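**Q** Okay, here's the structure, questions in a sec.
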Amino acid sequence: MSKKVLVLAEARDGELRNVSFEVIAAGKKIAGDGGEVYALLVGDGVGSFSDALIKQGADQVLVAEHADLKTYTTDAYKQVLLQVIEEQSPDALLIPHTSSGKDLAPRLAAKLSSGLVSDIIDIELAGDEVVFTRPIYSGKAFEKKSVTGGMLFATVRPNNIAALDEDASRSGDTKDVSVELKDLRSIIKDVVKKTSGKVDLAEAKVIVAGGRGVKSAEGFEPLEELADILGGAVGASRGACDAEYCDYSLQIGQTGKVVTPELYIAVGISGAIQHLAGMSNSKVIVAINKDAEAPIFDVADYGLVGDLFDILPILTDEFKKVKAGA
Amino acid sequence: MGADKAVLLDTEDLEDDVDHYTISEMLNAFFKDKEYDIILGGNVAVDDGAGQVAPRLAELLDINQVTTITKLDIEGTKATIERDVEGDVEVVETELPLLVTCQQGLNEPRYPSLPGIMKAKKKPLETLDLDDLGLDEDELEAKTKTVDRFLPPEKQAGKKLEGEPAQQVEELIKLLKTEAKVI
């Protein structure tokens, strides 16, 4: 019954991403009583994150460090994962459904001749069978899938499976994995930062997103102010990106990012189906729009009809008061 | 749109038992005796959204991959690529042969012209089934199984708040605190 689960932790810009704790929580569920979760850290100078992973539920941490692992590349990470899988023979493998996880997991699955369930948002145990839930048709429907061949293997969408509470009294071993990398075929020449780096859109608990109604790049300033107050991130519809009000790195929707924050505030976004695909599974949706008939109101929990430039400053002030009171 | 030749890999013999493993094995069988410099795939399918097939194929063919690319320059056998990494742009250099998956922004697809549509009718379309690919049904058995498909619970109709902006905001803050409990 009990299983040994290997999960891949992920750091970005020198910080451990929250999804690392979420894959541990998911791993615990699969491992069952008496099972174990091994968390794997890959990178250069990432060993210091080991403690945090143990406090969040990892039973053992494996650290693979190498200068060539500083930035993700397919070949290097694949070699590390294959080596660790070979050494540890886990029953299950969980990888974050992030940019690198999406690139890596299918390749590993092919190498291991294994099934893989991508982008899962929930896990159920039916006896000894593990059943994963994942969105399909851009979140308009869901399916439940299980792996029938190879390793029990899934990628986990950030912000959906709750991390466990931190337990400072937990202890666990940390073990270095010595890796030799060869035949790396991609060379990363440069990384151009386009994201502000303040709050990661994929992991943000609050998102304030603007559309064509924002009218200009300057029009995004009140949105940024509101996002700052709420400790959230700014996003945008394709319309706003196409109109060059903001960078495509902020785009939410079918071709942009898929987000599931606790609170999504759509500002001047009409709610085209492609945009809804990227945000309709947010927990609470607030829409602010001049047009009372805009389709965004069909998915919004709360709708404010009016000029966003009138409403936003008042809203920001009120949130400031709430935050000051809390 | 500009393709010179099209091939259809027919999955009819497999009935419903098709997953990413199956499809990538079929593509592998097709490509393994072909010559190619670059294979371009989509980033994810709009329906399933898993994005597994292209990286799986690259692994089976033992060629390098670069996913979610937004710019591609090829000089001889060297490829210089920009890829989207959750909003940041990574500049990657690598060698052909190569598999890439395309992200929005790579280029602007041309609109098919009427003469183009007429000409397309004369282009060859080859259909290959499992026998043609030298594959056996049993080797292609899916490695995942769909247990259930369902629609999300019907969302309760949202509330449209009324009054002047200040009144609407006040009402919203109250609801977010007491009803939605997100602040």
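**Q** How high is the FRET efficiency from A:Ala168 to B:Glu164, r the C-beta distance, R0 35 Å, rounded to 0.05?
**A** Given R0 = 35 Å and the Cβ-Cβ separation, E is 0.10.
**Q** Still on this structure, please answer the following. Compute the helix-to-body angle for A:74-88: its Cα long axis versus the longest principal axis of chain A, expressed 0 to 90° and rounded to tens.
**A** So the inclination is approximately 50 degrees.
**Q** Considering amide H positions built from the backbone, and no H for Pro or chain starts, which residues 5 or more places from A:Glu36, or on another chain, come under 5 Å of its amide H?
**A** Counting only residues 5 or more places away or on other chains, the set is A:Lys3, A:Lys4, A:Val5.
**Q** Right, something else. Name the residues of region B:55-77 whose accessible area falls by at least 10 Å² when all protein chains are present instead of the chain alone, probe 1.4 Å?
**A** B:Pro55, B:Arg56, B:Glu59, B:Leu60, B:Asp62, B:Ile63, B:Asn64, B:Gln65, B:Thr67
**Q** Could you state the accessible area per residue of chain B in Å², with a 1.4 Å probe and every protein chain left in place? All intermediate terms of the calculation are to be shown ahead of the outcome.
**A** Numbers: 11110 Å² over 183 residues.
Computed with neighbouring chains in place, this is 61 Å² per residue.
**Q** Using protein heavy atoms only (no ligands, DNA or RNA), what is the total accessible area buried between B and A, 1.4 Å probe, nearest 100 Å²? Provide the component values of the computation, followed by the final result.
**A** Details: alone 14380 and 15810 Å², together 23960 Å².
About 6200 Å² of accessible surface is lost on pairing.
**Q** Let me ask something else about it. Leaving out ligands and nucleic acids, note down the accessible area per residue over chain A with a 1.4 angstrom probe, in whole Å².
**A** Working: 12860 Å² over 326 residues.
I get 39 Å² per residue for chain A.
**Q** Among the lysines, which have Cα under 23 Å from the Cα of B:Lys119 when same-chain residues fewer than 8 positions away are ignored?
**A** B:Lys5
**Q** Also, quick follow-up: Residue-wise, which Karplus ³J(HN,Hα) couplings in Hz belong to region A:105-115, taking 6.51 cos²θ - 1.76 cosθ + 1.60, θ = phi - 60°, and x for glycine or proline?
**A** Whole-Hz 3J(HN,Hα) from phi for region A:105-115: 4, x, 5, 4, 4, 5, 4, 8, 6, 10, x.
**Q** Indicate the gyration tensor shape class of the protein assembly as shown (rounded, prolate or oblate), computed on the Cα atoms with a ≥ b ≥ c the square roots of the eigenvalues: a/c under 1.5 is rounded; otherwise a/b larger than b/c is prolate and the rest oblate. Kindly include the intermediate steps, with their values, before the conclusion.
**A** Values: a/c = 1.65, a/b = 1.25, b/c = 1.33.
It is oblate, given that a/c is not under 1.5 and a/b is not larger than b/c.
**Q** Now for a different question. In debye, nearest 20, what is the charge dipole magnitude of chain A about its Cα centre with +1 on Lys and Arg Cβ and -1 on Asp and Glu Cβ, if you could check?
**A** Dipole size: approximately 560 debye.
**Q** Out of every Cα pair in region B:6-140, what percent are spaced more than 22 Å from each other?
**A** More than 22 Å apart: 49 percent of the Cα pairs in region B:6-140.
**Q** Something else now. Carbon and sulfur atoms: what percent of the 1.4 Å accessible area of the protein assembly as shown do they account for?
**A** 48 percent
**Q** Relative to the Cα centre, what is the charge dipole magnitude of region B:6-140, using +1 at the beta carbon of each Lys and Arg, -1 at the beta carbon of each Asp and Glu, and rounding to the nearest 20 debye?
**A** About 1220 debye.
**Q** Given the -39500 (n - 2.57) contribution per DSSP H run of 4+ residues, what per-residue ellipticity at 222 nm results for chain A, rounded to the nearest 500 deg cm²/dmol?
**A** Calculated mean residue ellipticity at 222 nm is -8000 deg cm²/dmol.
**Q** Could you work out [θ]222 nm for chain B from helices alone, using -39500 (n - 2.57) per DSSP H run of at least four and dividing by all its residues? Round to the nearest 500 deg cm²/dmol. Don't skip to the end; give the middle numbers.
**A** On the way: 4 runs with 42 residues, N = 183.
Result for chain B: -7000 deg cm²/dmol, rounded to the nearest 500.
**Q** As an exercise, use a Förster radius of 25 Å and the Cβ-Cβ distance of A:Ser89 and A:Leu125 to find the FRET efficiency, rounded to the nearest 0.05. Present the calculation step by step, with values, prior to reporting the outcome.
**A** On the way: r = 21 Å, r/R0 = 0.86.
The calculated FRET efficiency here is 0.70.
**Q** I've got another one for you. Amide H to amide H under 5 Å from B:Val66: which residues, 5+ apart in sequence or cross-chain, H placed 1.01 Å off N in plane?
**A** It is B:Leu99, B:Val100, B:Thr101, by chain and number.
**Q** Ok, one more. May I ask for the angle, rounded to the nearest 10°, between helix A:308-325 and the longest principal axis of chain A, with both axes built from Cα atoms and the value confined to 0 to 90°?
**A** 60 degrees
The values are calculated or read from the model by the stated rules, or taken from the named source; none is laboratory data. What you see is a predicted model; the values in this text were computed from it and never measured. In this analysis, Cβ positions are derived from the backbone assuming ideal geometry, glycine residues included, and neighbour counts consider all displayed protein chains. Only protein heavy atoms, including side chains, enter the accessible area calculation; ligands, DNA and RNA are left aside. Shrake-Rupley method; radii C 1.70, N 1.55, O 1.52, S 1.80 Å.
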